[in-house]
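Rule-based calculations on the coordinates, nothing more; no lab input. Everything quoted here is computed from the prediction, not taken from an experiment. With ideal geometry, Cβ positions are generated from the backbone for all residues, glycine too; neighbour counts draw on all protein chains shown.
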Amino acid sequence: MPGLTDWISVMQDDLQRSGRLRKIPAVDYGADLMAEVQGKKVLNLASNNYLGLSGHPEMKAASIKAIETYGTSSGASRLVSGNFSLYGELESSLASLKKQEKSLVLGSGYAANLALCGTFADRRTVVFSDRLNHASIVDGIILSRARQVRYRHNDMDHLAHCLEKYRDHPRKLLITDSVFSMDGDRADLMSIVRLCKDHSVPMAVDEAHATGILGNGRGLACELGVEKEIDLHMGTLSKGLGSHGGFIAGDHRLIAMIANRGRSFIFSTALPPAVIGAGLCGVQLVRAHPQWGRDLLRHSEAFRQWLLSSGFTIGPSTTQIIPVILGDNNAVLAARDSLLANGILVSAIRPPTVPEGTARLRLALRSDLGRRDMEHLRSAFTVLRQEMG
Ligand SMILES: Cc1ncc(COP(=O)(O)O)c(C=O)c1O
């Protein structure tokens, strides 16, 4: 009788051969500017801790204070006994950051997208989704049993065609990332808002990588001034905001419904106090320092120009996420190892996370990089360029 290890052995060989086998890396201090790999300090461009908040003294103090007040666990789901007053403060601050009436915090950004789709879509719904939307949106739509219509990435003609095709469908929803996680480019939100308006389609935006950075920390919708045209604003506390958890902001009636229909909210223990305390502090710090995001974007633009002039292919990024596209899976692994040998930690992103033939290094620039760090980065990439020939 074959066991699980027999079932997976072919799969494993296949993944290994095609350079797609994933292993959990041994990285200590993985959110810090200087992470540690095999005892060696390396400059960390693999984390989404874009503003370096996870090590900020005020964040740590807020987290410790929350533990001292409420303990280490929430003990139950929010709907049972896992709620405490810090949640109210965090949710008000997030609603205000997003210029919305209410917000709801969930266990992760992933859980937030599952709840969003599960609440506002069902088997009678058509959901329009950018082809490069995050996996949590794809999974959320699948779980909701809605019909998923994936339009070509940022292709407004194709989106218009898809919307037209379902013009008479009674229940629709559109979801898009605002900043795409593997390419660092931005959704054409102005056009999407206009098209959704023309076709009476409610709209949700995932601002996981924009919150804390774009729009003075409020996100892309606020930067463009279209926040009131978008029904649901999803985000995460785990990246720019330096803590953990996801959230959805919008009209109070919509948010109340998520607590009734969002299964990833209802059937999961509430995030613990330490995380909520830090999350609240993260929002307050971002509100107090809107220039952090602006500076990071400016430095990212300068580094992109340097990469381009050094002969790298960097794709359409306009944010702190910079892909260096090499195409071949094994070439990306070799490039990652070369950078690591020179003291730089980046992630090697391969299919199925990105389309076949577009394997890449993903650089996540961060606002705590100093001038000497940037010099270090440029010299490691210069070595890589020479090795690549
Ligand atoms: C666009 C996007 N949405 C949602 C998520 C999920 O957020 P979390 O990591 O907080 O679960 C991610 C995570 O990388 C993301 O990139």
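What distance in nm separates the two pseudo spin-label positions at Leu79 and Val383, each 7 Å out from Cα along the beta-carbon direction?
Between Leu79 and Val383, the simple spin-label model gives 5.4 nm.
Quickly estimate the mean residue ellipticity at 222 nm for the chain, helices only: each DSSP H run with n ≥ 4 gives -39500 (n - 2.57), and the total goes over all residues, rounded to 500.
-13500 deg cm²/dmol
Would you mind checking which residues have amide H under 5 Å from Thr313's amide H? H placed 1.01 Å from N; only 5 or more apart, or other chain.
Ile325
List the GluC sites (Glu not before Pro) within segment 177-270 that fall in a DSSP loop (any state other than H, G, I, E or B) and whose Cβ has at most 16 other Cβ atoms within 10 Å.
none
Take the eigenvalues of the Cα gyration tensor for the chain, scale each by 5, and report the square roots as semi-axes in whole Å, largest first.
In descending order the semi-axes read 32, 27, 23 Å.
Can you compute 3J(HN,Hα) from phi for each residue in segment 79-95, using the Karplus curve 6.51 cos²θ - 1.76 cosθ + 1.60 with θ = phi - 60°, rounded to whole Hz and x for Gly and Pro?
6, 9, 10, x, 8, 8, 5, 4, 4, x, 5, 5, 5, 5, 5, 5, 4
Treating only the Cβ of Lys, Arg, Asp and Glu as charged (+1, +1, -1, -1), what charge dipole size does the chain show about its Cα centre? Round to the nearest 20 debye.
My answer is approximately 340 debye.
What is the distance in Å between the Cα centroid of segment 195-233 and that of segment 1-22?
Each part's Cα centre sits 41 Å from the other's.
How large is ³J(HN,Hα) for each residue in segment 28-35, as worked out from phi by the Karplus curve 6.51 cos²θ - 1.76 cosθ + 1.60 (θ = phi - 60°), to whole Hz, x for Gly and Pro?
The phi angles translate into 9, 6, x, 9, 6, 4, 9, 8 Hz.
Could you derive backbone 3J(HN,Hα) for segment 39-46 from the dihedral phi with the Karplus parameters 6.51, -1.76 and 1.60 (θ = phi - 60°), listing whole Hz in sequence and x where the residue is Gly or Pro?
x, 10, 6, 9, 6, 9, 10, 9
Using the count of nearby Cβ atoms within 10 Å as a rough guide to exposure, how do Ser200, Ser238, Ser268, Ser243 rank from fewest to most?
So the residues, fewest neighbours to most, are Ser200, Ser268, Ser238, Ser243.
Return the whole-Å distance between the Cα centroid of segment 138-184 and the Cα centroid of segment 87-106.
Each part reduced to its Cα centre gives a spacing of 26 Å.
Going Cα to Cα from Lys197, which lysines come in below 23 Å? Please leave out same-chain ones fewer than 8 positions away.
Lys98, Lys99, Lys102, Lys165, Lys172, Lys228
So who's got an amide H within less than 5 Å of the one on Ala210, skipping anything under 5 residues away but keeping other chains? H placed 1.01 Å off N, in plane.
Val179
Dipole size in debye (nearest 20) for segment 57-288 around its Cα centre, Lys and Arg Cβ +1, Asp and Glu Cβ -1?
600
With a Förster radius of 35 Å, plug the Cβ-Cβ distance of His252 and His299 into 1/(1 + (r/R0)^6) and report the FRET value to the nearest 0.05.
With R0 = 35 Å, the Cβ-Cβ based efficiency is 0.35.
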